[in-house]
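Q: This is the structure I have questions about; it appears just below.
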Amino acid sequence: MEQRGIHGVWTHRWTFILAAAGSAIGLGNIWKFPYMAGENGGGAFVLVYLVCIALIGMPVMMAEVLIGRRGRMSPINSMRFVTREAGLHGAWTGIGWMGVVAGLLIMAFYSVVASWALKYVWATASGAFSGLDATQVGDRFSSLLADPLQMLCWHSLFALMTAGVVLLGVNRGLGAVANYMMPMLFLAVLVLVVYSFLHGNFSAGFHFLFDFQFDRLTWPGVLKAMGHSFFTLSLGMGAIMAYGAYMPPHASVAKTIITVGVLDTAVSLLAGLAIFPIVFANPPLEPGAGPGLLFVSLPIAFASMPWGSVFGTLFFILVTFAAWSSSVSLIEPGVAWLMESKKFRRAPATLLLTSIAWLLGISCVLSFNYWSELKPWFLLHRTPFDFLDFLTSQLMLPLGGLFIAIFVGWFMKKSVVVHEMDAEGHPLFDIWRFVVRCVSPVLVALVMVLTLIDSF
Ligand code: TRP
């Protein structure tokens with residue numbers, strides 16, 4: 001039995017790869033990965049992250065795509081379809097529900113960080129950084145954080161931009177944005193790596209990222225690395241499932257996902273290689289500087305580079321685009337569901353969900369000024385910004401991934417899985433299936449349980 005969706009399919013096979021890469025490659029790679037590696041001991045974090053991408057991220061990503069492709073609908077309804085098909089209890093649909101909620105929660109803080117990038121487009125273009133030293137660049141960022149009204153404006157603008165693309169629908173909106181910007185972003189990051197190589201402390205940066213010091217590893221650090229491997233691949237909340245639903249019937253899931261995973265990892269590592277040499281060459285900066293790392297390290301490079309304000313502007317434009325093509329995938333699953341099941345048209349569905357995320361996002365804007373010291377117990381002694389990040393990356397996404405792996409590994413009929421993977425008789429198929437059945441779920445569960453024990 002083949003399902004048909006109401007939202008259309010990608011016009012080209014490449015559109016899926018580009019859209020999935022567009023969703024995966026975003027602030028997670030350029031902003032979050034470097035700052036988390038910096039806070040969690042560099043190499044130790046990077047190694048765990050790479051292992052998680054290979055043993056959990058990519059295999060589970062294939063599982064998620066194939067549920068979407070089987071169901072051909074929004075994550076909630078695709079889950080409902082495959083659950084019925086397998087004759088299971090409706091509770092499995094909860095994976096889809098949790099995903100829609102997680103998407104909105106992520107969008108809340110994602111939009112705020114993206115809005116910093118947006119602001120930095122103007123700041124670099126107007127030459128605000130030229131000739132400044134490291135301390136002055138840092139002060140610029142601090143003064144942005146201290147200005148909730150300004151942050152709110154940029155946050156609102158980014159939310160509107162996201163809504164605009166989701167409004168346009170599958171091919172016109174989501175596909176089109178990703179096509180041109182991704183390759184250019186890749187190039188821009190490469191140019192920055194070359195700059196760091198020539199002008200930064202490249203060897204210190206390199207050793208920081210790739211010397212695997214196991215004594216720096218803690219269980220919470222491992223959970224962060226694992227959670228980040230989900231975050232960076234857009235995994236565990238249905239985004240990739242929703243995109244998979246728009247995938248044409250004959251295309252190899254495995255090849256496609258490996259392409260996306262490798263591109264995504266490459267961008268993260270290159271971003272790290274661009275940022276850390278600059279950090280180590282400018283002593284007031286430190287790798288553990290936290291969420292501001294990207295926004296204080298790179299402007300220093302732009303301040304001293306020939307044509308720095310032109311290149312810096314271009315760079316932040318590309319970062320904004322990367323964030324944009326990711327944020328649409330945070331809203332799309334919910335929108336698709338409202339359209340299928342609640343008879344919404346695309347416009348009101350988009351506006352409703354973006355507004356919810358935007359409202360929640362205001363708490364993240366305030367996390368950096370008025371509420372920065374307010375860390376209530378019910379947010380586990382975190383600011384709203386940190387709490388939303390923690391709740392989604394370290395709990396909801398891994399749990400979503402765990403259940404997706406268990407579902408596809410243990411409950412979906414093997415013949416259905418073979419058919420949707422388009423992998424008839426492929427020798428690697430059995431290895432993949434074994435990983436999804438036994439390796440990924442056990443690793444995810446183990447890391448979560450050990451972290452829990454460790455935190456008591
Ligand atoms: N992967 C994106 C990034 O690295 C963020 C993102 C988009 C995401 N959609 C997602 C994360 C779905 C988790 C789930 O920036």
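Q: Under the condition of being of a type outside the set (Asp, Glu) and more than 16 Å from the ligand (Cβ to nearest atom), which residue from the stretch 215-225 is modelled with the lowest pLDDT? So that I can check it myself, show each step before the final result.
A: The first filter runs over the stretch 215-225 and keeps only residues of a type outside the set (Asp, Glu), leaving 216-225.
Next, only the ones that are more than 16 Å from the ligand (Cβ to nearest atom) stay: 216-222.
On the way: Arg216: 79, Leu217: 83, Thr218: 85, Trp219: 87, Pro220: 87, Gly221: 89, Val222: 91.
It comes out as Arg216.
Q: Here is a further query. Looking at Arg433 and the list (1) touching a Ser or Thr at 6+ places or on another chain (Cβ under 6 Å); (2) away from the ligand (no atom under 16 Å from the Cβ), which single condition is not satisfied?
A: (1)
Q: Have a look at Ser111, Ser78, Ser115 and point out the one that is buried (at least 24 other Cβ atoms within 10 Å of the Cβ), without any contact (Cβ under 8 Å) to a residue 60 or more places away in the chain, part of a helix (DSSP H, G or I) and on the phi < 0 side of the Ramachandran plot.
A: After applying the criteria, what remains is Ser115.
Q: With the requirement that a residue be buried (at least 24 other Cβ atoms within 10 Å of the Cβ) and over 16 Å from the mean Cα position of the chain (by Cα), what does the stretch 231-252 give you?
A: Gly244, Ala245, Tyr246, Met247
Q: Of (1) under 16 Å from Gly42 (Cβ atoms); (2) surrounded by fewer than 24 Cβ atoms within 10 Å (Cβ to Cβ); (3) within 13 Å of the ligand (Cβ to nearest atom), His228 satisfies all except one. Which?
A: Among (1) under 16 Å from Gly42 (Cβ atoms); (2) surrounded by fewer than 24 Cβ atoms within 10 Å (Cβ to Cβ); (3) within 13 Å of the ligand (Cβ to nearest atom), His228 violates only (2).
Q: Report yes if some residue within the stretch 399-413 is β-branched (Val, Ile, Thr), in a helix (DSSP H, G or I), within 16 Å of the ligand (Cβ to nearest atom) and within 21 Å of His228 (Cβ to Cβ); otherwise report no.
A: Yes: the stretch 399-413 contains one or more residues that are β-branched (Val, Ile, Thr), in a helix (DSSP H, G or I), within 16 Å of the ligand (Cβ to nearest atom) and within 21 Å of His228 (Cβ to Cβ).
Q: Let me confirm something: among Ile95, Ile67, which residue is within 14 Å of the ligand (Cβ to nearest atom) and either touching a helix residue (DSSP H, G or I) at 6+ places or on another chain (Cβ under 9 Å) or over 30 Å from Asp215 (Cα atoms) (or both)?
A: After applying the criteria, what remains is Ile95.
Q: Same structure, new question: Is it the case that Thr383 is crowded, with 19+ Cβ neighbours inside 10 Å and at pLDDT below 90?
A: No: the conditions fail for Thr383.
Q: What number of residues within the stretch 430-456 satisfy the criterion of being assigned to a helix (DSSP H, G or I), free of Cβ contacts under 8 Å to residues at least 24 places away in the same chain and of a type in the set (Phe, Trp, Tyr)?
A: 1
Q: Additional query: Return the total of residues in the stretch 15-33 being under 8 Å from the mean Cα position of the chain (by Cα), among the small types (Gly, Ala, Ser) and part of a helix (DSSP H, G or I).
A: Selection size over the stretch 15-33: 3.
Q: Can you tell me which of Phe197, Phe208, Phe212, Phe186 is outside any helix (DSSP H, G or I) and more than 14 Å from the ligand (Cβ to nearest atom)?
A: Answer to the selection: Phe212.
Q: Still on this structure, I have one more. For the stretch 323-338, does any single residue satisfy the condition of being more than 20 Å from the chain's Cα centre (by Cα) and under 26 Å from Thr124 (Cα atoms)?
A: no
The values are calculated or read from the model by the stated rules, or taken from the named source; none is laboratory data. Nothing here was measured: the structure is a model prediction, and the numbers come from that model. We place every Cβ from the backbone using ideal geometry, glycine too, and count neighbours over all the protein chains shown.
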